[in-house]
Amino acid sequence: MRVIDSHTEGEPTRVIIEGGPDLGNGSLKERRALMAKDYDHVRRSLILEPRGSDVLVGALLCPPTDPSCDTGVIFFNNTGYLNMCGHGAIGVAVTLAHLGLVNDGIVKLETPVGIVSITMDGPNKASVKNVASYLYQADVTIDVDGIGSVTGDIAWGGNWFFLVQDWPFDLRLENQEQLTHYSRCIKNTLQKNQITGKDGEEIDHVELFGNPEREGANSKNFVLCPGDAYDRSPCGTGTSAKLACLAAKGQLQPKEVWVQDSIINSRFEAFYDLNDKQEIIPTITGRAYVYAEATILQHDDDPFKNGIVL
Ligand code: PYC
């Protein structure tokens, strides 16, 4: 398989550009399910050690069902499949630009949860117009073993998030193990208490917010992704969920810019528009850089040709 690796504000994306599985012509949701059932070894081989890492998000490009889109895309990581991925969408767009495949400065991607449109602002900067995002439940209080009472919002930004404002401990990179532990405990408590997103969907991302350190930022975040790696970028779908919460609470107006820093102090700038159904459509801007073009090799007798599976 040929892949191109990039990082978006520190968070890597590996795009399969040749040799990926043919998943047929079903909906993107159906193709994602088919990949999970019959081709999960491709995900494991590309993302797990020794060829990948827990931080990596993979993107399989496939023909779109909607002819207005440039490509379909299925995102996956070290534990399974994502719905949408904001940093990954920027990574795909910058990768396509690197390959000379973006003509008019706009890339339209069909994902399993809807179409996102990406506007290139130079070779390394792009803005993703995401799927409609919304606050599902505000101020949900849970009792987390070892932490105590934690209150957060449940929101959709292309993935499901539990967003905790004013996190009382320092959001600093040197505390990442502790932050990972807390976030995992929060996620376990949500699962134990069957607290979900709409239609019983699992809340698989936890997002903690604190005061920013850098000039110009509104906030700093720590996002724990499914699979327990933290997002090095400020998380595109997480920032979309944040905008949905701010908008629902009357704390951010359409077109007002929200500057979200990540735990490594990388940055997304974001705003939202309202569509004709009065839904929140976030736009997230960030930078991505291609850093490798590679051919992934698998030898038949390699015991770890499909990754190290614990
Ligand atoms: O940027 O939306 C995102 C994302 C989700 C998981 C990792 N990054």
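Listing for the model above:
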{"read-out": "Segment 1-79 versus segment 263-293: alpha-carbon centroid distance in Å", "value": "20"}
{"read-out": "Value of relative contact order over the chain, rounded to a whole percent, pairs C-alpha under 8 Å and six or more apart", "value": "21"}
{"read-out": "Sites K37 and T65 - FRET efficiency at Förster radius 22 Å, r taken between beta-carbons, to 0.05", "value": "0.70"}
{"read-out": "Accessible area of segment 87-129 divided out per residue, in Å², using a probe of 1.4 angstrom", "value": "38"}
{"read-out": "Cα-projected label distance for R2 with L297, points at 7 Å along beta-carbon direction, nm", "value": "1.7"}
{"read-out": "Per residue accessible area in Å² of segment 134-274, where ligands, DNA and RNA are left out and the probe is 1.4 Å", "value": "42"}
{"read-out": "Cα centroid separation, segment 207-254 to segment 150-192 (Å)", "value": "11"}
{"read-out": "In segment 145-225, the GluC sites (Glu not before Pro) that fall in loop regions by DSSP, at most 12 other Cβ within 10 Å", "value": "E213, E215"}
{"read-out": "Stretch gain in nm, segment D273-D54, where the contour uses 0.36 nm per residue and the Cα spacing is subtracted", "value": "75.5 nm"}
{"read-out": "Accessible-area ranking of K277, K108, K255, largest first, probe 1.4 Å", "value": "K277, K255, K108"}
{"read-out": "Those aspartates and glutamates that a straight Cα-Cα span of less than 14 Å connects to K129, excepting residues fewer than 8 apart in one chain", "value": "E110, D121, E269, D273, E279"}
{"read-out": "Helical contribution to [θ] at 222 nm, DSSP H n ≥ 4, -39,500 (n - 2.57), averaged over the chain, rounded to 500", "value": "-6500 deg cm²/dmol"}
{"read-out": "Protein accessible area in the chain, 1.4 Å probe - carbon and sulfur %", "value": "46"}
{"read-out": "Estimated distance in nm for a label pair at E30 and K305, the labels positioned 7 Å out from Cα along Cα-to-Cβ", "value": "3.1"}
{"read-out": "Pairs of lysine residues in segment 134-274 - Cα separation under 22 Å, sequence separation of 8 or more or cross-chain", "value": "9"}
{"read-out": "Intensity falloff of the chain expressed as log10 I(q)/I(0), Debye formula with alpha-carbon point scatterers, at q = 0.09, 0.12, 0.13 Å⁻¹", "value": "-0.42, -0.76, -0.90"}
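The values are calculated or read from the model by the stated rules, or taken from the named source; none is laboratory data. Note that the structure is a prediction, hence the values are computed from the model and not measured. A quick note on method: Cβ atoms are made from the backbone with ideal geometry, for glycine too, and the neighbour counts reach across all protein chains shown. For accessibility, only protein heavy atoms count, side chains too; no ligands or nucleic acids. Shrake-Rupley method; radii C 1.70, N 1.55, O 1.52, S 1.80 Å.
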